[in-house]
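Heads up, the thing below is written out as structure tokens.
The values are calculated or read from the model by the stated rules, or taken from the named source; none is laboratory data. Model, not experiment: these values are computed from the prediction. Backbone-built Cβ (ideal geometry, glycine too); neighbour counts: all protein chains shown.
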Amino acid sequence: MRLSRRILVGALRVAFRALTDIQVTGRDNLPTRGPLIVVFNHIAHLDGPLVLSQMPFEVEGIALADLYRVPVTGQLLRLYGAIPVHRDQLDRSLLRQALAVVASGGVLALAPEARQSPTLALERGRTGAAYLALRSDAPILPIGIAGTETVYAAWRHLRRPRLNLSIGPVFRLKGPLQRGHGTRHAQLEAGRAEIMRRIAALLPRRYRGIYA
């Protein structure tokens, strides 16, 4: 892990430990190394930093380019070196970068919903995570996050917000990725649904949304 990442991850661990009441369950589900695709629900700006701070290995993150304009979050993303993605745009360069990460035995993290949920509940995921998993045959690690939406309000009132991060068991999608358009579409849809169900199972009911 390069020095800037090591410093940032260390600082995030200290900050979350000091400024929040964080409860992590399922640490025994963490593999010792990649290749791996980490997927999590997205309810607040600090979700990505929280996931990074709790992983025992270096993680390559994919983040919406819009987040680079958010104060603090944008600076953290630049310092860490996350891979930016533009919403609703097919970026073949991004796909090549992401696949190269897992092909080299690395760990890739992303939110399948591809945006922060305005209701805090799970929305219909997109097929990007399923595509990457099926193309690479990489195992998937699901994570459920709760409480990050309360952070800023709690800090304004000088309280430590309670955060919950639940790590589920690793699983694989049944592949390989098919070639026919109709068959591939059905396979990606099934993969998308499986990923989102795995995340939903790790969340309190009020966060599960359409996957309740």
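Could you pull out the residue among Arg17, Arg69, Arg6 that is within 22 Å of Gly106 (Cα to Cα) and either surrounded by fewer than 19 Cβ atoms within 10 Å (Cβ to Cβ) or of a type in the set (Asp, Glu) (or both)?
Arg6
Among what's in segment 156-193 and is surrounded by 18 or more Cβ atoms within 10 Å (Cβ to Cβ) and closer than 15 Å to Arg124 by Cα, pick the residue that is farthest from the chain's Cα centre (by Cα).
Among them, the one singled out is Leu188.
Would you confirm, using the coordinates I've provided, whether Leu79 is part of a helix (DSSP H, G or I) and within 16 Å of the chain's Cα centre (by Cα)?
Numbers: part of a helix (DSSP H, G or I): yes; within 16 Å of the chain's Cα centre (by Cα): no.
No; evaluated as a whole, the condition is false for this residue.
Could you say whether any residue in segment 50-58 is assigned to a helix (DSSP H, G or I), in contact with a Lys or Arg (Cβ under 7 Å, 6 or more places away or on another chain) and not aliphatic (A, V, I, L, M)? First the steps, then the outcome.
Taking segment 50-58 first, the residues assigned to a helix (DSSP H, G or I) are 50-54.
The next check asks that each one be in contact with a Lys or Arg (Cβ under 7 Å, 6 or more places away or on another chain); those that pass are 53.
Remaining after also requiring not aliphatic (A, V, I, L, M): 53.
Yes: segment 50-58 contains one or more residues that are assigned to a helix (DSSP H, G or I), in contact with a Lys or Arg (Cβ under 7 Å, 6 or more places away or on another chain) and not aliphatic (A, V, I, L, M).
I'm trying to understand the selection: among the residues of segment 8-46, which are modelled with pLDDT of 95 or more, outside any helix (DSSP H, G or I) and charged (D, E, K, R)?
Selection gives Asp21 alone.
In segment 89-117, what residues are among the charged types (D, E, K, R) and surrounded by 16 or more Cβ atoms within 10 Å (Cβ to Cβ)?
In the first step, residues of segment 89-117 are kept if they are among the charged types (D, E, K, R); the result is 91-92, 96, 113, 115.
Listed by number, the list holds a single entry, Glu113.
Conditions tested, residue by residue: (1) among the hydroxyl-bearing types (Ser, Thr, Tyr); (2) in contact with a Lys or Arg (Cβ under 6 Å, 6 or more places away or on another chain); (3) farther than 21 Å from Gln54 by Cα; (4) at pLDDT below 95.
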{"residue": "Ile143", "(1), (2), (3), (4)": "no, no, no, no"}
{"residue": "Gln178", "(1), (2), (3), (4)": "no, yes, yes, yes"}
{"residue": "Glu189", "(1), (2), (3), (4)": "no, no, yes, no"}
{"residue": "Ala201", "(1), (2), (3), (4)": "no, no, no, no"}
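When you look at Ile83, is it surrounded by 12 or more Cβ atoms within 10 Å (Cβ to Cβ) and either of a type in the set (Asp, Glu) or under 30 Å from Glu189 (Cα atoms) (or both), yes or no?
Working: surrounded by 12 or more Cβ atoms within 10 Å (Cβ to Cβ): yes; either of a type in the set (Asp, Glu) or under 30 Å from Glu189 (Cα atoms) (or both): yes.
Yes: the conditions hold for Ile83.
Can you tell me how many residues in segment 76-108 are at pLDDT 90 or above and touching a Phe, Trp or Tyr at 6+ places or on another chain (Cβ under 7 Å)?
Number of matching residues: 1.
Restricting the first residue to segment 47-75 and requiring it to be farther than 16 Å from Gly144 by Cβ and at pLDDT 80 or above, which pairs with a second residue that is among the polar types (S, T, N, Q) and part of a helix (DSSP H, G or I) meet a Cβ separation below 9 Å and a spacing of at least six or different chains?
Pro49/Thr73; Glu60/Gln97; Ile62/Gln97; Ala63/Thr73
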